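The values are calculated or read from the model by the stated rules, or taken from the named source; none is laboratory data. Because the structure is a prediction, the values reported are computed rather than measured. Heads up, the Cβs are rebuilt from the backbone with ideal geometry, glycines too, and the neighbour counts pull from every protein chain shown.
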Amino acid sequence: MRTKLSRKMWIALILFSLIGQVAWVVENMYLNVFIYKMFRASAADISLMVAASAAMATLTTILMGALSDRLGKRRPLMCFGYIIWGISIIGFAFLRTDFLGALFPMAASAMQIGISLTIILDCVMTFFGSTANDAAYNAWLTDNTDDTNRGMAEGVNSMMPLIAILVVFGGFMSFDLDKQESWTAIFLIIGIVVLIVGVSGLFLVNDDKTTASAVSYPESVIYSFRPSTMKANPALYLCLGGFIIFNIAIQIYMPYLIIYYEVSLGMANYVLIMAPAIILAAVVTALWGRFYDRHGFRRSVLMSLTWLMLGFLILYLVRTTIPVFMGSLFMMSGYLSGMAIFGARIRDLTPEGKAGMMQGARIFSQVFVPGIVGPWIGKTVLANAEQIQNSDGTFSFVPNANIFLAALVTAGILLLCMPKIIGKDK
């Protein structure tokens, strides 16, 4: 029988997952648009920012995940982490072109300094976000679910990135992203909301099912990367290897997705076009977690990959509204359902009592390698992209559909590897 999760657990799961993903949407998608529009960042600048953030997220998750296991406490890192995470997001409100322009009269210098400061503050924000969300929250979710309800919980957890996109796009669709004051408001609003969730967690989150590890902290830090751990858990590490390839495919196009819709396709109303696709994909993802609980990894992951690859193919081939909507629907459904299935499978295979220690290997697979390799492939594909001149005389690149072709090829490589990754699962 399925173990029922308490109402308090569901509230905490939804709040921390949704608002955490709202913050990551701002970091992973809107921050790319911010640095592109405000400081005329190049594809190489965006690639550097994503890679630096990925490295920081990985290092933080390894260190802080192990610490949460050693302490036997997720709650302080989750709650106080969200509070400081919110404060760090508010810090972006002070990265204003008028402030930097007054300090550095040379326009080119002000733009480059703005890019550098954005990348640095992004790393600071990522440290607190990864402590709270990637390390503590994900370990807490593993602690409080089991193999009878993990697919369902992970389905809800994994649909939150799409819901977060809808919340952010819908909430700020009336904002003119070419104006500095719009960005100031966005960072203030998101930062305050994240801070409030951290405070609410002090009343919602408990560590009843978390026990302190007897393993020393240095051993906890390296646990998930030890050859002996890999040898003892071959199915887990094969799954993590597949997760790397999956996320590389996502990171090839994701940093440029909004810019592609708005600039390359000229869809000024892309929020209205994408909202139905996001809602439908979120529903699919929630249901797909239950499908995993009933039918296992094999059937659920292969279907998710099929949707993802079909979405990439359509987006590579088409440019008009309805076909782009269909391609986006398949792409988003495959992306989020795939995240749910891989996430649930990784949690199922995580050694008992080692959830915090294993967050390092998970983030290495989900963020570090994909966050470096994926944007690098995207940058390489866009090396000769069209350039457009802005009103201030500067130039910006225009992403093209080749990012979806590169993602399709990468997903195809994963599909070829799936028989080994799936193993004996039903």
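The table below gives the values:
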read-out: Residue match in region 209-217 (condition: in contact (Cβ under 8 Å) with a residue 60 or more places away in the chain, crowded, with 19+ Cβ neighbours inside 10 Å and either more than 16 Å from residue 364 (Cα to Cα) or touching a Leu at 6+ places or on another chain (Cβ under 7 Å) (or both)); value: yes
read-out: Residue 345 being surrounded by fewer than 24 Cβ atoms within 10 Å (Cβ to Cβ), farther than 15 Å from residue 143 by Cβ and charged (D, E, K, R); value: no
read-out: Residue count, region 119-172 (criterion: among the β-branched types (Val, Ile, Thr) and within 15 Å of residue 28 (Cβ to Cβ)); value: 6
read-out: Single residue of 336, 308, 313, 302 found to be in a helix (DSSP H, G or I), touching a residue at least 24 places away in the same chain (Cβ under 8 Å) and more than 16 Å from residue 407 (Cβ to Cβ); value: 302
read-out: Every residue from region 1-23 that is buried (at least 21 other Cβ atoms within 10 Å of the Cβ) and not hydroxyl-bearing (Ser, Thr, Tyr); value: 12, 13, 16, 19, 20, 21, 22, 23
read-out: Options 201, 155: the member that is at pLDDT 90 or above, more than 22 Å from residue 257 (Cβ to Cβ), of a type outside the set (Val, Ile, Thr) and crowded, with 19+ Cβ neighbours inside 10 Å; value: 201
read-out: Qualifying residue in region 314-327 (condition: of a type in the set (Gly, Ala, Ser) and either surrounded by fewer than 18 Cβ atoms within 10 Å (Cβ to Cβ) or modelled with pLDDT of 85 or more (or both)); value: yes
read-out: Options 399, 375, 370; residue that is under 22 Å from residue 32 (Cβ atoms), in contact with a Pro (Cβ under 6 Å, 6 or more places away or on another chain) and either surrounded by 22 or more Cβ atoms within 10 Å (Cβ to Cβ) or modelled with pLDDT of 85 or more (or both); value: 375
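To keep it simple, each residue is scored yes or no on (1) within 19 Å of the chain's Cα centre (by Cα); (2) under 29 Å from residue 226 (Cα atoms); (3) modelled with pLDDT under 85.
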residue	(1), (2), (3)
6	no, no, yes
19	yes, no, no
31	yes, no, no
52	yes, yes, no
66	no, yes, yes
